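What follows is a short report on a single structure.
The values are calculated or read from the model by the stated rules, or taken from the named source; none is laboratory data. Keep in mind it's a predicted model, so treat the numbers as computed, not measured. Only protein heavy atoms, including side chains, enter the accessible area calculation; ligands, DNA and RNA are left aside. Shrake-Rupley method; radii C 1.70, N 1.55, O 1.52, S 1.80 Å.
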Amino acid sequence: MFGILGGLKRAAGRRRRAVVLVLVALGFLLVPVSARADGASCRELYFPVTLVALPQTMHGTLCVPSGGANTVQVLVPGGTYNSSYWDIGYQPAIRSYRLAMNNAGYATLALDRLGTGGSSTPPSAVLTTITEAAVVHQVIQAVRSGAQGPRFGKVILAGHSFGSGTASIEAATFADVDAVLVTGLAHRLNLTGTTAVFASTYPAMLDPRFARGGYDVGYLTTMPGSRYSIFHAPGPKVDGAIAFDEATKDTSAYEQAADLFPIGIIAPYSLLIDRPVMVVLGQDTVFCGLLATDCASAGGIKASETPYYAAGADLTTYALQGYGHAINYAPNAPDYFKAVIAWADRKVGR
């Protein structure tokens, strides 16, 4: 059922994206507002952006609490994920980061990275971690200026996995955010776990879900049925949650990984971040383990990560127990949501 629904949603998304690209080119933006059951007001936004001189469109869903908000969290998903990672539809009271933050008084803008979801699909060769950071910068400028409607005085930039690399590079390069949340990314790799992830991918054009999406050979996705082992283990295998993840999987570009990992996983950039940073990791098979990151405790993560940030950096860490890479899916995700809210309240405010 999830696969059928996912296919229908993607087909509708492709049709909507084609219409949106025309409207954006004409100078129009679609901003319908809808009220969620939890009281948040949400709208779909389409940001005209430039990627190495190529006009593109980045899609995001902006949700504002019923009482309004001065601070927005801009959310960047990881590789082969889209904005749905931040608003998981299976048991959202437990797994929706968006819902938890809106309930706490923070607005959220969950983005689809270029090449995913409702965003446009550029040639994969120009889609790198660094170029994506420049595009996210353009979005942040828009939400600060009010160009898309609401104007926000403060911005927390949050990422997951590859999206955390993008967030770190953006914050270091442009210094236009008030704090950075890094989830599912650390500076030391578990080579065994990393190899397993890449071994479970193949060109997106070979996947029935993306075969007609116009993806070139440089776009990848995960093989069917592989997401639990590479993104969720050693966490419990909750069938509904894993089915939702498989049904909403998306693409990434080989170039993004190629320029993220060889540079020491953002080390030259993380050293330049002069804003509060929070790092959250589960028991991640990609980054945790012997000779990699010590993810057993917040103290272990901090000891492992501190050398990669400037001396005296404002670094907070949190270890989510019992789950793997995709921590928003964890049954105990509310524990980490509460920790993020407490950190954001202290460092930035609502």
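Rounded if a/c is under 1.5, else prolate if a/b beats b/c, else oblate: with a ≥ b ≥ c from the C-alpha gyration tensor eigenvalues square-rooted, which is region 274-350? Oblate, since a/c reaches 1.5 and b/c is not below a/b.
The stretch between Ala310 and Asp274 holds 12.2 nm of extra length on full extension. This uses 0.36 nm per residue minus the Cα-Cα distance. In the full protein context, the chain carries 37 Å² of accessible surface per residue, based on a 1.4 Å probe and ignoring ligands, DNA and RNA.
Expressed as a whole percent, the accessible surface of region 183-338 that belongs to carbon and sulfur atoms is 64, based on a 1.4 Å probe.
A viscosity of 0.890 mPa s and a temperature of 25 °C, combined with the Kirkwood radius over Cα pairs in Stokes-Einstein, give a translational diffusion coefficient for the chain of 124 µm²/s.
Per-residue ellipticity at 222 nm from helix content only, as computed over the chain with -39500 (n - 2.57) for each DSSP H run of at least four residues, stands at -10000 deg cm²/dmol.
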